[in-house]
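Below: one structure, written as structure tokens.
The values are calculated or read from the model by the stated rules, or taken from the named source; none is laboratory data. Computed from a predicted structure; not experimentally measured. Heads up, the Cβs are rebuilt from the backbone with ideal geometry, glycines too, and the neighbour counts pull from every protein chain shown.
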């Protein structure tokens, strides 16, 4: 396999770009192999340019509009710098507040978390809860009376009285 | 007098450019295909390329007030895309993907498009085969060589524009370009007997 490289790569690059010097052109005219090589490469580059641009135009035609993305970014940029800084400082402050008291208060219940449900409950809910508790107490008391009436007493009571009939 | 006229022309061009940048959909319509072609050829992954192109256009739109018209909009956008590609190339995920891709057959949508029937009138079998050879040859280039090669011969940008987009001296651009040409010559038609 013989490679015909009579023209230097610099000369060849100038020829491909259509900017050869007069000396390069005269060298080219004297060398049929070089002319053929140049013609082949020029043709290959021309085909590549045409085919790839055709492909790219087809693909670009189906690409979505950039307006929504540009608007989103514009809005993001439009947010004043000081407000971004304020948000960042607040986030850091909350983080520091949360973690700084954590070591010493681990064993203690968090007052805020305990009172939160009470705050959320309405007065009527509290009244309903109290009513429910009272009714449970009543029911338990009445159950004990029923046990007494049947003569069924706890074992401890029975032992104390020495009556196991 | 001549200076006044020149300044007014410059202002007109700048105003026109700024109004072009104010409409993101118009910006996308004009520049998306070329950017997509450049980014896909650079990263060899269509989904990643879509994301990079979208980010490029959004970044340009967001920073449009900072565009002073010292280069063309195309050069400016390409520069943003180059930086985003570099950012992605630094991620571990991308490195892993590149390693996996190195041993796999290139089955990207664009490569398949090149293999299938071309849409251009001159899309003969030979032309498609040559286009595929160029695509494969670029795989062998370093990221900088590939970017410079693409900008010069596919996007047809000037050396100074490439230097601006790549944020490197023109001489460094030339070095990358000549190495890329050497490699591509060997693989495309360079093996003629």
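The table below gives the values:
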| quantity | calculated |
| --- | --- |
| Number of the exception - residue B:161 against (1) at the interface with chain A (Cβ under 7 Å from one of its Cβ atoms); (2) surrounded by 21 or more Cβ atoms within 10 Å (Cβ to Cβ) | (1) |
| Checking residue A:47 against (1) exposed (fewer than 14 other Cβ atoms within 10 Å of the Cβ); (2) at pLDDT below 90, the condition it does not meet | (1) |
| Residue match in the range A:60-72 (condition: in contact (Cβ under 8 Å) with a residue 12 or more places away in the chain, more than 9 Å from every other protein chain (Cβ to nearest Cβ), surrounded by fewer than 17 Cβ atoms within 10 Å (Cβ to Cβ) and assigned to a loop (DSSP other than H, G, I, E, B)) | no |
| In the range B:168-193, residue surrounded by the fewest Cβ atoms within 10 Å (Cβ to Cβ) [restricted to those that are at pLDDT below 95 and not in a helix (DSSP H, G or I)] | B:193 |
